[in-house]
1. Spin-label point model (7 Å from Cα, Cβ direction): what's the A:Glu107 to A:Leu150 distance in nm?
2. With a cap of 11 neighbouring Cβ atoms within 10 Å, and only residues DSSP puts in a loop, list the trypsin sites (Lys or Arg not before Pro) found in segment B:126-209.
3. Hey, what D do you get for segment B:61-207 in µm²/s if you plug the Kirkwood alpha-carbon radius into Stokes-Einstein at 25 °C and 0.890 mPa s?
4. Compute the label-point distances linking B:Asp188 to its equivalents in the other copies; points lie 7 Å from Cα along Cα→Cβ; give nm, one decimal, shortest first.
5. Over chain A, what is the relative contact order in whole percent, taking alpha-carbon pairs under 8 Å and six or more residues apart?
6. For a Förster distance of 30 Å, can you work out the FRET efficiency between the beta-carbons of B:Lys128 and A:Ser31, rounded to the nearest 0.05?
7. Hey, for B:Ala75 with labels 7 Å out along Cα-Cβ, what do the inter-copy distances come to in nm, ordered shortest first?
8. Order of B:Phe127, A:Phe22 from fewest to most other C-beta atoms within 10 Å?
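Laboratory data are not the source of any read-out in this text; all were calculated from the coordinates shown. Predicted model, so just to flag it, every value in this text is computed and none were measured. Ideal geometry is used to build each Cβ from the backbone, glycine not excepted, and the neighbour counts take in all protein chains shown.
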Protein chains: 2
Amino acid sequence: MAKSNNNHSTKERILEKAESLFAEKGFHGVSIREITTAAKCNMASVHYHFNSKLNLYLEVFRSRWIPREKQMYDAFLASLEGEEAPEPGKVLTALANSYLKGPMSDEESRRHRQLIVREMQTPTEAFKLAANETLRPLFTTLYNLLKPSLHNGSDGNLTFDIMSIFGITLYLNYSRPMVSQITGKEYDDTFKSLLIDHMVRFSLNGLGS
Amino acid sequence: MAKSNNNHSTKERILEKAESLFAEKGFHGVSIREITTAAKCNMASVHYHFNSKLNLYLEVFRSRWIPREKQMYDAFLASLEGEEAPEPGKVLTALANSYLKGPMSDEESRRHRQLIVREMQTPTEAFKLAANETLRPLFTTLYNLLKPSLHNGSDGNLTFDIMSIFGITLYLNYSRPMVSQITGKEYDDTFKSLLIDHMVRFSLNGLGS
DNA sequence: GTCTATAGCAGGATAGAC
DNA sequence: GTCTATCCTGCTATAGAC
């Protein structure tokens, strides 16, 4: 299948550049030409390996996005060390560390979340994949972990709470340019850990626990 | 300029359909053909009235998005009735009612927020316009209204808090399909007021006041 | 498995009649 | 101000050599 004497086969290089460009510009904003130029190969390779542009896009999710998201989910579970009923503060800290820190570079994690936000706006088959294989399990786990700690036992509220925590997490992805544009201030080194601290504090307060 | 015997001139019909389609599919996802078919006029009209597709897109912001956002901002200010130091609960309730209820239909307000979220992901000239003319004033106003009530006097925290409130507000726009897809539950009539209640409660808690 | 060459089509933009 | 007709570019996809 892959050329055996290459660290990164053409197929892998295409997937990598495709993910990066789709995240940055969206499906319709990128051409196959652009992808293959970046991947230093010919346009025809995309059709040889993936049949079509749309299928390349879906393959980005299948072979890169979903496995990466599952890794973060596993890291999240692992950092709770199988505790029966961890406190909400511990749950949210574990969540933030696994999903916002994790092993990825800033750029990689930014792209990762850009892809799913684009899918939320204009869902394709990829969103169903992501929802069923990663988002729903995470939601269910969070729901079960947080439910016992709430004095206010309304299920509906907790559902919305978790959606808001998702929202903050995704949205903070875009905060750096926004904060600069809107407040005029500049953030750099400390920005990431500030975001994580904020996310934990705000969400924990938001839950009302 | 406009045909005087028409309630909605061709120019207006183009703007209206363009806004709707750009919101739904993004700039690159829509063709001029699609817009003019929906507006029941010919392709050449776009170039006659707007010179180019990009300029039509920008004009959607200039002549529709920004005035609408300003209306909501004014309604927000009006509902505070010039109080000196309203409590955070009152500020957030006014915010939610002006920005999430307001005079718009559900579909209209959904499109309104879709446009700005797309700009946050892939900013064009339109984002600068929106940031300078509407988002920054709103941010500054909220900052000044909320600052006196906080026991924790850190400026940086309040900046992030407001960004998170923006995030929740924008993200809840997409919640209905998300909640259904992820939880399997269905929401309908009561969904909107549930969202508003949730947004006020969660944000108020999040602020820690 | 990767390349060149090209088919075939859809896109934005323009010219000019009315 | 609105239309028809058309240009031309850039796109996806395919054929076929190596």
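1. Rounded to a tenth, the inter-label distance reads 4.0 nm.
2. Within segment B:126-209, the qualifying trypsin sites (Lys or Arg not before Pro) (loop, at most 11 other Cβ atoms within 10 Å) are B:Lys185.
3. Here the translational diffusion coefficient equals 152 µm²/s.
4. 5.6
5. Computed value for chain A: 21 percent relative contact order.
6. 0.70
7. 4.3
8. Ranked by crowding around the Cβ, least crowded first: B:Phe127, A:Phe22.
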